[in-house]
Amino acid sequence: MPDFKNTYDFLGGEILLFDKELKWTSFDVVNKVRYFLCKTMGIKKMKVGHAGTLDPLATGLVILCTGKSTKKIEELQLGEKEYVATFKLGATTPSFDLETEEDSTSDYSHVSREMLDAAILKFIGEIDQVPPIFSAVKVNGKRAFNYARNGEEVKLRAKRIVIRKVEVEDFNLPEVKLRITCGKGTYIRALARDIGEELKCGAYLIALKRTRIGNYNIEDAFKVDFFKENLNLNETN
């Protein structure tokens, strides 16, 4: 069992890997870890930040930086990302994921594994991707999701992104599981939308796990509760 308290220099700067729970925000992870560290070390504040937001409905790798290592956050955010994503074919939602209810359904019986492979190829490389309206992209100083939740229409500009690899891990209609390697700024929800449109049946994201950022892997990540226990902080948060 690791001895975080005595072997890590949190004030001097550490890079910590966490496996985020479902429905937590990335800031939830930051806030909990900062609280545990300050409580354990008997200090009032400490710099803690994350290198790349992960949606509440996603799980997996979140990188936290403490102390002087917070200066590395921008560099870490540029790292290549890997995700395991499950798409549901034959339906769509306004948010392109489970945040909102299905607003349309379509026949998906014509989709074969070969059709999926061919559709995927069209999204490999440098592509223009329109972000989801349910996203934190700013439009006229306001987050896009604020417009969406108020029922207001807003047009988002396409952004240049890089998708390096997409591998099919499971094909069990109406669900398909993909392992996706991509660059900064890629919305996997938007990729679900686009592949669904290419297949002429619609699709949305029903599960997402981030497994890698740059050279950092989910296998080396801690659960927040495990981290807390090994700081010898046993009080209830």
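In summary, strands (runs of 3 or more DSSP E) completely within the range 147-237 and bearing 1 or more residues that are at pLDDT below 95 and not assigned by TED's automatic domain parsing to the domain that holds Ala58 occur at 159-172.
Summed over the range 13-50, residues that are within 23 Å of Leu205 (Cα to Cα) and in a loop (DSSP other than H, G, I, E, B) total 5. Summed over the range 154-205, the residues that are of a type in the set (Gly, Ala, Ser), under 21 Å from Glu99 (Cα atoms) and surrounded by fewer than 19 Cβ atoms within 10 Å (Cβ to Cβ) give a count of 1. Taking each residue of the range 81-100 that is closer than 17 Å to Cys201 by Cβ and in the same structural domain as Val62 (by TED's automatic domain parsing) and looking for partners that are at pLDDT 95 or above and surrounded by 21 or more Cβ atoms within 10 Å (Cβ to Cβ) with beta-carbon atoms closer than 9 Å, six or more apart or interchain, yields nothing.
The values are calculated or read from the model by the stated rules, or taken from the named source; none is laboratory data. Remember, it's a predicted structure, so these values are computed and weren't measured experimentally. Positions of Cβ are generated from backbone atoms using ideal geometry, with glycine treated the same way; all protein chains shown enter the neighbour counts.
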